[in-house]
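The values are calculated or read from the model by the stated rules, or taken from the named source; none is laboratory data. In this text the structure is predicted, and so the values were computed from the model without any measurement. Note: ideal-geometry Cβ built from the backbone for every residue, glycine included; neighbour counts use all protein chains shown. Only protein heavy atoms, including side chains, enter the accessible area calculation; ligands, DNA and RNA are left aside. Shrake-Rupley method; radii C 1.70, N 1.55, O 1.52, S 1.80 Å.
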Amino acid sequence: MATLTRPLLITEDSEVIDTVVRIAAARAGEVLVCAEQTAVRGAWMHAPLVLVGADCAAEVISRGLPN
């Protein structure tokens, strides 16, 4: 997988998704939204910025993903 140019948002919270996507669009940017916990690892390793919603934080921490 090539380096992502978009930040990664990990959450299943539709309000958080809407807010972050709206803010990114206002700055002419895009966000990769990843609600599927199984797909997180690949995107995590290549994203320039990772945002984790409170609803997914415990799961992400338990996966032991690198800093």
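Values computed for the structure shown
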quantity	calculated
Residues of the chain: accessible area per residue with a 1.4 Å probe, Å²	67 Å²
Highest average packing first - 18-29, 41-52, Cβ atoms within 10 Å	41-52, 18-29
Surface/4 estimate of mean projected area, convex hull on alpha-carbon atoms of the stretch 7-62, nm²	3.6 nm²
